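Undergrad: Dumping the structure here so I can ask a few things about it.
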Amino acid sequence: ALLFITVYTADGFLNYVEDHCVFNSTKLDDIEYIRSYYYNKLEFTRFSSSVGKYVGYTEYGVRNAEYWNNLPGELSRMRNEKERYCLNNVGNDHEAAL
């Protein structure tokens with residue numbers, strides 16, 4: 001699986017975003033793109049290409065998910081990340097693993 005993490009800290013609290021791809025082959029249908037938002041190791045919002053929208057896991061995360069799911073073009077942009085971010089890189093990781 002591919003993994004990219006962005007980390008921000010403020011006053012000792014950790015806020016980060018994790019992008020990763022889960023795959024069984026290099027075919028686009030076999031790839032899942034996931035972007036997770038964390039605060040102090042607790043995931044509060046997630047976008048999954050298999051669900052096709054944001055899902056919130058905390059009160060704050062639910063509000064984020066509702067907002068982002070209603071932004072024009074946001075879901076389309078995130079759905080395209082599967083092909084842009086994952087498809088181009090999964091082939092490299094798949095070949096290296098073999």
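The values are calculated or read from the model by the stated rules, or taken from the named source; none is laboratory data. Note that the structure is a prediction, hence the values are computed from the model and not measured. Methodologically, a virtual Cβ is constructed for each residue, glycine included, from the backbone with ideal geometry; neighbour enumeration extends over all protein chains shown. These area figures cover heavy atoms from the full protein model, side chains too; ligands, DNA and RNA do not enter into them. Shrake-Rupley method; radii C 1.70, N 1.55, O 1.52, S 1.80 Å.
Undergrad: Rank these by accessible area, largest first, 1.4 Å probe: 42, 28.
TA: 42, 28
Undergrad: Mind checking the range 17-98 for trypsin sites (Lys or Arg not before Pro) that DSSP puts in a loop (not H, G, I, E or B) and that have at most 11 other Cβ atoms within 10 Å?
TA: Passing both the DSSP loop test and the Cβ count: 27, 41.
Undergrad: Here is a further query. Can you pull the percent of the range 33-98's accessible area that's carbon plus sulfur, 1.4 Å probe, other chains left in place?
TA: It is 49 percent, rounded to a whole number.
Undergrad: Ranked by accessible surface with a 1.4 Å probe, highest first, in what order do 33, 67, 38 come?
TA: Largest to smallest exposure gives the sequence 67, 38, 33.
Undergrad: Restricting to Cα pairs below 8 Å that are 6+ residues apart, what does the relative contact order work out to for the range 15-93? Please round to a whole percent.
TA: That works out to 26 percent.
Undergrad: So for 50, 36, what's the accessible-area order with a 1.4 Å probe, most first?
TA: Accessible-area ranking of 50, 36, largest first: 50, 36.
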